[in-house]
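Asks: Input: one structure, supplied below.
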Amino acid sequence: MTRITRVRTRVWNWTGKTVPPAGHFCTNASDALYDRGDAMGSFRFHQWLTCEVECEDGTVGIGNAALAPRLVKSAIDQYFAPMVIGEDPFDYAYLWEKMYRKTHAWGRKGVGMTAISAVDIAIWDLMGKLTGKPVFKLLGGRTKEAIPVYYSKLYAGPVAEMQAEAETAKAAGYTGYKMRFGYGPKDGPAGMRENLKRVEAVREVIGWDADLMLECYMGWNLDYTRRMLPKLERFEPRWLEEPVIADDIHGYAELNRGPIPISGGEHEFTLMGFRQLLDMKAVSVIQYDTNRVGGITAAQKINALAEAYQVPVIPHAGQMHNYHLTMANYNCPMSEYFPVHDVEVGNELFYYVFDGDPAAENGVLQLDDDLPGLGLTISDRHLADFEIEE
Ligand SMILES: [Mg+2]
């Protein structure tokens with residue numbers, strides 16, 4: 001038996017080069033506000049949190065979180081680190097429940113659950129390293145020869161640029177693509193036409209044998225989505241993602257009765273949260289993000305529940321914690337994949353904080369059967385481009 005001796009948290013603030021996104025690059029929940037400021041601001045995040053859990057023999061497990069890193073750091077330092085120090089990392093289910101129940105008044109969703117997720121992921125990485133096994137081998141093992149991935153970028157912009165990006169992705173061998181809508185309720189019928197023009201343009205490039213996913217990032221509302229669904233049907237999307245805000249579960253349930261599968265869950269938390277979505281038939285695809293939902297411990301429970309409902313799980317974002325769960329579960333058919341590129345909205349930052357994320361080739365990626373833990377190390381390649389708070 002070993003015990004946890006230390007929990008170290010660091011916030012990584014990116015100070016390097018960024019690419020300014022175009023206007024209308026993606027709708028989001030702030031679009032409903034009247035202020036004329038930078039509505040896209042809430043969509044961009046150039047910070048990341050690393051959480052390292054060390055045990056007696058000096059082995060270190062690495063977890064991470066991307067939501068509100070400074071607040072999450074504070075929650076871990078003040079509340080969660082003292083709860084796990086001195087404990088056996090292999091008692092992960094007990095440790096999860098302890099963190100969840102002792103902060104239940106404020107921790108069960110949002111920042112608190114994100115902090116629990118970061119600690120839990122680090123504990124799983126630690127267990128993998130201590131047993132000499134990759135995490136997916138502890139979760140059920142290999143269920144696929146390789147993980148199919150879909151290309152996730154295609155932010156709304158000039159039609160010709162989106163088509164050129166889709167051409168490049170197609171040439172790289174992807175067979176699934178997700179694009180973002182740039183226009184929502186405040187843009188009226190003209191914005192609807194702009195949205196439809198771009199879906200048509202991307203479909204034209206990728207053809208009809210590829211999966212096309214459509215992302216709203218909570219930037220529409222129920223009425224607008226009701227009116228858009230019939231217009232989108234002819235493009236045969238695999239799913240329409242987060243059309244309304246995460247709390248509008250009744251809205252999801254109504255929309256999901258229509259002709260286009262509705263996906264969501266990247267802003268939902270824990271087994272109980274997903275039970276509600278599944279009971280109400282609110283989504284046809286579950287998209288938790290392991291580093292928010294409650295870590296690998298919670299994600300694995302949601303996987304089991306979703307399998308019973310026969311709703312596939314395709315986690316939000318790339319990243320190792322999601323890939324390992326996808327590899328270990330039959331009910332996770334593929335992964336989202338953010339292509340490596342310059343820092344734009346912030347989805348790309350994990351490629352700069354960590355080494356070890358596999359690159360997609362010909363639309364699939366691979367995990368190593370023999371690399372212990374999650375297979376990540378904290379990178380020193382870009383230290384000059386970060387300000388680190390410890
Ligand atoms: Mg999304």
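Asks: With a 10 Å radius around each residue's Cβ, average the other Cβ atoms per peptide and rank 280-292, 139-151, highest first.
Replies: 280-292, 139-151
Asks: Among M228, M99, M113, which one shows the highest mean-square fluctuation when the chain is modelled as a Gaussian network with alpha-carbon springs under 10 Å?
Replies: Sorting by GNM fluctuation, first place goes to M228.
Asks: Express the Stokes-Einstein translational diffusion coefficient of segment 113-261 in µm² s⁻¹, to the nearest whole number, given a Kirkwood radius over alpha-carbon pairs, 37 °C and a viscosity of 0.692 mPa s.
Replies: 186
Asks: Using helices alone, I'd like the mean residue ellipticity at 222 nm for the chain: each DSSP H run of four-plus residues gives -39500 (n - 2.57), total over residue count, nearest 500.
Replies: Value at 222 nm, helices only: -10500 deg cm²/dmol.
Asks: Let me ask something else. Take the Cβ-Cβ distance between D342 and T377 as r, set R0 to 30 Å, and report the resulting FRET efficiency rounded to the nearest 0.05.
Replies: The formula returns an efficiency of 0.85 here.
Asks: Testing the spin-label approximation: label points 7 Å from Cα along Cα→Cβ at A304 and T2. State their distance in nm.
Replies: Roughly 2.6 nm, to one decimal.
Asks: Of the listed peptides 248-256, 68-76, 184-192, what is their order by residue-averaged count of other C-beta atoms within 10 Å, with the highest listed first?
Replies: Answer by packing, highest mean first, reads 68-76, 248-256, 184-192.
Asks: For a quick protection proxy, order the peptides 328-335, 364-371 by their average other-Cβ count within 10 Å, most packed first.
Replies: Going by the mean number of other Cβ atoms within 10 Å, highest first, we get 328-335, 364-371.
Asks: Starting from the Cα-Cα distance between D88 and A146, subtract it from 0.36 nm times their residue separation and give me the gain in nm to one decimal.
Replies: 17.6 nm
Asks: For a Förster distance of 41 Å, can you work out the FRET efficiency between the beta-carbons of A384 and A201, rounded to the nearest 0.05?
Replies: So, using R0 = 41 Å, E works out to roughly 0.55.
Asks: With a point put 7 Å past each Cα toward its Cβ, work out how far A171 is from Q366 in nm, to one decimal.
Replies: Placing both labels 7 Å beyond Cα along the Cβ direction yields 2.5 nm.
Asks: Given the options A166, A32, A308, state which has the largest fluctuation in a GNM of the chain using a 10 Å cut-off (strictly under) for Cα springs.
Replies: A308
Asks: In terms of the ratio Rg/(2.2 N^0.38 Å) built on C-alpha atoms, what value belongs to the chain?
Replies: 0.96
Asks: Okay, next question. Under 10 Å, Cα contacts only: if you run a Gaussian network model on the chain, which one of I121, I245, I296 comes out with the highest mean-square fluctuation?
Replies: Looking only at I121, I245, I296, the biggest GNM fluctuation is shown by I245.
Asks: How high is the relative contact order of segment 4-132, in percent, with contacts defined as C-alpha pairs under 8 Å that are six or more residues apart?
Replies: It rounds to 32 percent for segment 4-132.
Asks: How much length is gained on full extension from M272 to K98, taking 0.36 nm per residue of separation minus their Cα-Cα distance?
Replies: Contour length minus the Cα-Cα distance gives 61.0 nm.
Asks: Follow-up question, since we're still on this one. Using a Förster radius of 45 Å, what is the FRET efficiency between F45 and R193 based on their Cβ-Cβ separation? Nearest 0.05, please.
Replies: About 0.90, to the nearest 0.05.
Asks: Percent of Cα-Cα pairs more than 25 Å apart in segment 4-132, please.
Replies: 36
Asks: Sticking with this one: How far is helix 159-171 tilted, in degrees, relative to the longest principal axis of the Cα atoms in the chain, given as a value from 0 to 90 rounded to the nearest 10?
Replies: On a 0 to 90 degree scale, this one is about 50.
Asks: Okay, next question. In whole percent, what relative contact order does segment 72-186 give with Cα contacts below 8 Å and a gap of six or more residues?
Replies: Relative contact order of segment 72-186: 20 percent.
Asks: If each residue of separation counts as 0.36 nm, what is the full-extension length gain between M280 and D77 once their alpha-carbon separation is subtracted?
Replies: In short, 69.4 nm is gained.
Asks: Can you give the % of DSSP beta bridges in the chain that are antiparallel, to the nearest 5?
Replies: The answer is about 55 percent antiparallel.
Asks: Over segment 138-379, what relative contact order in percent results from Cα pairs under 8 Å that are six or more residues apart?
Replies: The normalised contact order for segment 138-379 reaches 21 percent.
Asks: Cα axis of helix 222-232 to longest principal axis of the chain: angle in degrees, 0 to 90, nearest 10?
Replies: 70
No lab work stands behind these numbers, since they all come straight from the coordinates. These numbers were taken from a predicted model, which means no experiment stands behind them. With ideal geometry, Cβ positions are generated from the backbone for all residues, glycine too; neighbour counts draw on all protein chains shown.
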